[in-house]
Every structure is written in structure tokens, then in C-alpha cells.
1. Is it the case that some residue within the stretch 3-21 is in a helix (DSSP H, G or I) and of a type in the set (Asp, Glu)?
2. List every residue pair whose Cβ atoms lie under 8 Å apart, where the two residues are 6 or more positions apart in sequence or sit on different chains, the first residue falls within the stretch 154-171 and is under 13 Å from ASP190 (Cα atoms), and the second residue, located anywhere, is hydroxyl-bearing (Ser, Thr, Tyr).
3. Over 28 Å from TYR154 (Cα atoms) and either touching a Gly at 6+ places or on another chain (Cβ under 6 Å) or in contact (Cβ under 8 Å) with a residue 12 or more places away in the chain (or both): does that describe ALA26?
4. Does the stretch 53-75 hold any residues that are assigned to a loop (DSSP other than H, G, I, E, B) and touching a residue at least 12 places away in the same chain (Cβ under 8 Å), and which are they?
5. So which of LEU50, LEU78 is touching a residue at least 60 places away in the same chain (Cβ under 8 Å), part of a strand (DSSP E or B) and under 22 Å from the mean Cα position of the chain (by Cα)?
6. Determine whether LEU91 is among the hydrophobic types (A, V, I, L, M, F, W, C), modelled with pLDDT of 85 or more and not assigned by TED's automatic domain parsing to the domain that holds GLU175.
7. Would you point out which residue out of GLU153, GLU146 is surrounded by fewer than 14 Cβ atoms within 10 Å (Cβ to Cβ), at pLDDT 90 or above and in the same structural domain as THR211 (by TED's automatic domain parsing)?
8. Scan the stretch 22-47 residue by residue and report those that are touching a Ser or Thr at 6+ places or on another chain (Cβ under 7 Å) and part of a strand (DSSP E or B).
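The values are calculated or read from the model by the stated rules, or taken from the named source; none is laboratory data. None of the values given here were measured: they were computed from a predicted structure. Virtual Cβ from ideal backbone geometry, glycine too; neighbours counted across all protein chains shown.
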Amino acid sequence: MKVLVVEDEKKVARFIKRGLEQEGYAVDIAQDGAEGEQYIGIDNYDIIVLDIMLPKKSGLDVLKDLKQRNVKSRVLLLTARDSVEDRVTGLNLGADDYLTKPFAFEELLARIRALTRRDAYGPALLKFADLSLDPITRKAKRGDIEVELTLKEYALLEYLLRNPNRVLSRTLIAEHVWSQSFDTETNVVDVYINHLRNKLDTDPSKRLIHTVRGVGYVLKAGE
């Protein structure tokens with residue numbers, strides 16, 4: 001799951017990024033509205049955490065432009081306690097939720113999880129062939145066997161399951177599961193793919209994670 005945090009207060013942005021990364025999310029940070037729009041223009045985010053009071057371009061103006069461009073990302077607004085009018089305006093413009101500052105990270109995390117469970121993201125249980133993943137409990141199963149995953153293994157498997165039968169390049173995987181600042185010259189993507197294969201593809205005749213030589217990987221049934 002990939003998150004963009006558009007927040008000009010550096011301490012707040014680092015606080016959110018650190019907490020979400022510890023939960024297995026890939027997080028990018030933009031420090032003003034214009035930079036946020038640049039990020040959104042070159043990548044697809046599942047969630048955008050958008051502060052209303054931003055330099056260069058306000059969060060509400062960014063939100064308005066996102067809706068006009070039909071960007072599908074869920075938007076969680078961050079607002080000051082006394083900005084009731086801004087909160088109402090944001091919701092009317094199409095924001096999915098809002099959170100007032102200061103806030104506890106647990107509440108932010110709960111709201112993000114609630115947004116990812118909404119209908120636009122499909123059923124709560126992700127399934128392909130006999131492989132399943134529950135985003136709420138973060139438990140994976142291959143057939144009737146439960147498979148224990150690390151945070152990054154979970155994030156990688158979730159991305160594959162949300163894109164079945166689609167060839168995903170190593171760069172695309174790296175940027176979505178890690179972040180745009182990830183060094184795509186490393187072999188970390190291949191290492192984690194191998195981790196998943198060792199846990200999920202133990203029967204070669206029922207392999208689901210396939211290599212597309214020179215490109216990346218695809219989740220599909222059969223060779």
C-alpha cells in the first residue's frame with residue numbers, strides 16, 4: 001500500500017512517515033501543494049494524507065484539482081482544530097475523511113485502514129487461485145496453510161494480489177512497496193520475491209509468482 005504525505009511541518013511529516021513505514025506502508029513526502037501535485041502526477045497512491053494549510057498551493061486547491069483529474073486515491077485531510085469551515089469545504093470537494101491536529105498516530109492509522117477497506121478497493125479478502133491475504137489481520141494462506149510474512153513480504157504480496165495477471169517491472173514494484181527514493185539498482189526486489197516464493201510456491205507445479213525475463217514479475221496461474 002502506497003501513501004503520499006503532503007505536509008509542510010517537517011516533524012509531523014517525519015512522524016507520519018516513520019510510523020506508517022513501521023506498519024509496512026511505502027511512504028513519500030511532499031512539503032508543499034505544488035510538490036504534492038508533481039508526485040501525484042507521476043505515481044499512483046492508494047492514500048493521500050493532505051494538510052489543508054500548505055505553502056505554494058493550499059490543500060483544498062490540490063484536492064479540487066485531484067477530483068477534476070479523476071484521481072482515484074483516497075484523501076485524508078489534516079486540519080487545525082478551529083478550521084470547521086475548511087473541513088466542511090474539504091468533504092464537499094470530495095475528501096474521504098479528515099483528522100484534526102494534534103492527533104495520535106493510532107487514530108491516523110485506524111482511519112487509513114478504514115479508507116482502504118472501502119468498496120473502491122474491492123473485497124477485504126484478497127484472493128487468487130488458492131492464495132489469500134486478509135489486509136485486516138495481515139494473514140496469508142496458501143490453501144489451508146497459514147503463512148507468516150514480514151512487513152515487506154506482506155506489502156509485496158498485497159501489491160501482487162491487487163494486480164493479478166499484470167506484469168510488474170522491478171522499478172514499479174520498488175516504488176510501490178518501498179518509495180520513490182528507493183535505490184532501484186539494488187536486488188532487494190528479487191530477494192523479497194524469492195522470500196515469497198520460498199513461503200508460498202513450495203509446489204513447483206502450482207507456482208503463482210512467475211519471472212518475466214528482463215522485465216519483472218507477474219502473479220498468474222500456470223506457466
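1. yes
2. Every condition considered, the pairs that remain are LEU156/TYR192; LEU168/TYR159; LEU168/TYR217; ARG170/THR184; ARG170/TYR217; THR171/THR184.
3. Here the answer is no, as ALA26 does not meet what is asked.
4. So the first thing to find is which residues in the stretch 53-75 are assigned to a loop (DSSP other than H, G, I, E, B), and the list is 53-58, 69-73.
Selection gives MET53, LEU54, PRO55, LYS56, LYS57, SER58, VAL71, LYS72, SER73.
5. LEU78
6. no
7. After ruling out the rest, the residue left standing is GLU146.
8. As a first pass, look at the stretch 22-47 and keep what is touching a Ser or Thr at 6+ places or on another chain (Cβ under 7 Å): 26-28, 33, 45-47.
Those that are touching a Ser or Thr at 6+ places or on another chain (Cβ under 7 Å) and part of a strand (DSSP E or B): ALA26, VAL27, ASP28, ILE47.
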